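Report on the structure given below.
The values are calculated or read from the model by the stated rules, or taken from the named source; none is laboratory data. Quantities reported herein were computed from a predicted structural model and do not represent experimental measurements. Positions of Cβ are generated from backbone atoms using ideal geometry, with glycine treated the same way; all protein chains shown enter the neighbour counts.
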Amino acid sequence: MKSRISTLFVALVISISGSVSAKDTVKIAYIGPLTGGVSANGIGGRNSADLAVRLKNQDPNAKYKYELVAADDECKPNVGVQVATKIASDSSIIAGVTHYCSAVAMSTVDVYHKFGLPVMVWGAVLPEITYANNYKEVHRVNGTMINQNEVAAKFLTGLGYKKWVIIHDTTDYGKGHNKYFSQYLTKNGGQILGTFGVTADQQDFTAELTKVKELKPEVVYFGGLTPIGIRIRTQMDRLGIKAVFEGTSGIKSDAYIEGLGKLSEGSLSFIEGAPWEKLPGGLGFIAKYNQQKYPDAPEAYGPFAYTAATLIIDAIEKAGPDRKKVMAVLNNTQNVETIIGKVSFDDHRQNIVPLISKYVAQDGKWVVWEDSLYAKGQRKLGQ
Amino acid sequence: MSFDIFLQYLLNGLMLGVIYAIVAVGFTLYFGVLDVIKFSHGDILMVGAFAGLTTYIGIAGTFESPWLQLLVLVLVSLSIAAFLGAIIARYLILPLQKAPPINTLLVTLMLGLALRELVRLFYPNGSNPKPFPRLLPSDGIAIGEFILRSDSLILLATGVITILAVQRLITKSKVGLAIRAVAQDSETARIMGINFRQIVLITFMLGSALAALAGLMNGLYYNEVNFSMGLLLGVIGFSAAVVGGLGNFYGAIVGGFLFAALQTVGAVLLPAILPSVPSAYKDVFAFAVIIIIMGLKPTGLISEKSSERV
């Protein structure tokens, strides 16, 4: 009898001590396009945020156990608002790594503000997301399209190109790119021969492109995302338009190159930050990413999603799982070392990213301009 | 506008028109024979295009000749679509024959959605646009700014020949006679010994094969297919069929070319007349004109009174 009691006692002690050492689970959200035309970027971002969570959970010194709640905004504003409302109204979720598509990010900021959910945008580049309101909940770890377009305009005018045609989709994202690019292009001496607004799901661009052909531009600037980027580039070829194809960060995905094959050669794209190989913590990031054996690549904005998730996790470690306290910590982010370099938020909680990388599609890969055969003069754009 | 640029617009418009007309003919066949509106037609088109793409991936290493590859993928794609059409007719359309027409419309609408989602979720990397193989010769002649590529010409000719062949099938063949008889009066046709069920199945197989052909033409023309390609094409094909006179074969063709012309004119004229209006509004323009035409001629451009159904 005595031995039975002592066994029971030991078991009780073990179970109590076990429950004491078990960590509380803290949920953070990830929202991005997991299906639809730009899902390659969304899935890469999700995996990257998930990597941050997995790594923290392996850390024995972590105060909490983290769980990533991933949701699909389909890159559609109406779906984004529904998903954001669902996530924000779930009080067990403390913060979110949110949105790749600008039109979606723009439409959801009010939701996060209303519900007081601190979020960090990881891919959308429309300046208004952080600058149009003064919502303390909304942060952005990547740069804006203002920086991107300044570089994009200076770059090709610097190479001697003069005549442009602009094609942009008529979402906030495309219109924003048109606005900032036009502004910087004219400032740098470029001439805009024509501007075409197209819908984001348009299939046939032959009418617009015939007009473009008539205008004889040296460069076609495209402000939009991968799916219609592929279509426009294909149909340019069909109509024999030889101009240089200059895209934005919206086409910087492997899907663009896969969709076009050889035709992608010589397309240009710009992103905030640098390729992972050149990021301060890029090699470490990609090594850890590959260790987890995700079936998909992290894509261009994966490192930003990882950084956003890491900053949120660090804030929770510091302030505890409380939305308001986490928000306060995130608001005061200054000079924090991350894999993308130092992160500092300005008065609108926008990370100041001075570095923009230029890319050119070369032999079926996006290559940093400076390392490409084009920069070395061995190949010529628009051939 | 110079003449060569005008020719380019004309060719673009004709290419669109022929694809729209083929889609519209499908809608008209279903409506003519069974009075049903099959809203999954656009998605059958997409399934046909993906079936073609998959076949190409499967046979790319087996056959060297692109013409042989093309022949195989057309045959497989059309057969799959025709089979799917027969299944839909047998298990969705015929059982609902006595139900209100709205039920058929809803069922096919939902089927279209299901097909779209199936491709998106289960086709490898199905949510991204897929490059469609360039199997047709891409050489061409340039007259000033106008480029006439062989592949465009082949596709245009294929479209026109297909429409003529379907027209001949319906007006000259025994099967066509039976289809027209069922379209005119299914009860009398049955009494005259026509196998109603068989004719319905044949009509749906024919319509679905036409959709698959339009899907393949679309893929070969744009060199890209995606899971949502059938959505707008379905709506445009349906509008074209309605504005031409739903149930009327020639009306569908007129409607298809009319819609393409309106889109092309809209894309060119809108930004020229109103600089603040982007060419993105070309569909709005085209649909607005269609609505006006519908208001003026509610039974379509070629109404049933002046012509036979199908």
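Structure notes:
- Some residue of the range B:216-233 being crowded, with 19+ Cβ neighbours inside 10 Å and within 25 Å of B:Lys98 (Cβ to Cβ): no
- Any chance B:Ala252 is in contact (Cβ under 8 Å) with a residue 60 or more places away in the chain and surrounded by fewer than 21 Cβ atoms within 10 Å (Cβ to Cβ): no
- Among (1) outside any loop (DSSP other than H, G, I, E, B); (2) in contact with a His (Cβ under 8 Å, 6 or more places away or on another chain), the one test that A:Ile312 misses: (2)
- B:Phe204 being part of a helix (DSSP H, G or I) and surrounded by 24 or more Cβ atoms within 10 Å (Cβ to Cβ): yes
- Of all the listed residues (A:Glu258, A:Glu277, A:Glu265), the sole one being among the acidic types (Asp, Glu) and closer than 30 Å to A:Val336 by Cβ is A:Glu277.
- For the range B:127-144, the candidate set comprises residues that are facing another protein chain (nearest Cβ under 10 Å) and surrounded by fewer than 18 Cβ atoms within 10 Å (Cβ to Cβ); within that set, the residue that is nearest to B:Phe6 (Cα to Cα) is B:Ala142.
- Selection status of B:Phe259, within 14 Å of chain A (Cβ to nearest Cβ) and in contact (Cβ under 8 Å) with a residue 60 or more places away in the chain: yes
- Test for A:Lys65: is it out of contact with any helix residue (DSSP H, G or I) (no Cβ under 9 Å at 6 or more places or on another chain), modelled with pLDDT of 95 or more and surrounded by fewer than 16 Cβ atoms within 10 Å (Cβ to Cβ): no
- Listed here are the helices (runs of 4 or more DSSP H) enclosed by the range A:87-162 that have at least 3 residues being crowded, with 20+ Cβ neighbours inside 10 Å and among the hydrophobic types (A, V, I, L, M, F, W, C): A:102-115, A:145-158.
- Within the range A:336-343, not a single residue is surrounded by fewer than 19 Cβ atoms within 10 Å (Cβ to Cβ), at pLDDT below 95 and in a loop (DSSP other than H, G, I, E, B).
- Summed over the range B:103-126, the residues that are surrounded by 20 or more Cβ atoms within 10 Å (Cβ to Cβ) and of a type in the set (D, E, K, R) give a count of 1.
- Hits in the range A:252-275 - residues which are touching a residue at least 60 places away in the same chain (Cβ under 8 Å), over 20 Å from A:Val219 (Cα atoms) and buried (at least 19 other Cβ atoms within 10 Å of the Cβ): A:Ser253, A:Asp254, A:Ala255, A:Glu272, A:Gly273
- Residue in the range B:217-236 that is away from chain A (no Cβ under 14 Å) and of a type in the set (A, V, I, L, M, F, W, C) present: no
- Residue match in the range B:26-47 (condition: among the polar types (S, T, N, Q), within 14 Å of chain A (Cβ to nearest Cβ) and closer than 24 Å to A:Asp204 by Cβ): no
- Checked against (1) surrounded by fewer than 22 Cβ atoms within 10 Å (Cβ to Cβ); (2) within 11 Å of another protein chain (Cβ to nearest Cβ); (3) modelled with pLDDT of 95 or more, A:His168 meets all criteria but (1).
- The criterion of at least 3 residues that are more than 17 Å from A:Asp169 (Cβ to Cβ) is met by the following helices (runs of 4 or more DSSP H) wholly inside the range A:184-278: A:206-215, A:254-260.
- Checking each residue in the range A:239-260 for being touching a Pro at 6+ places or on another chain (Cβ under 6 Å) and either within 12 Å of chain B (Cβ to nearest Cβ) or closer than 23 Å to A:Gly44 by Cβ (or both) picks out only A:Gly259.
- Subset of the range A:178-227 (residues that are away from chain B (no Cβ under 11 Å) and of a type in the set (A, V, I, L, M, F, W, C)): A:Phe181, A:Leu185, A:Ile192, A:Leu193, A:Val219, A:Val220, A:Phe222
- Flag for A:Tyr131 being at pLDDT 95 or above and not polar (S, T, N, Q): no
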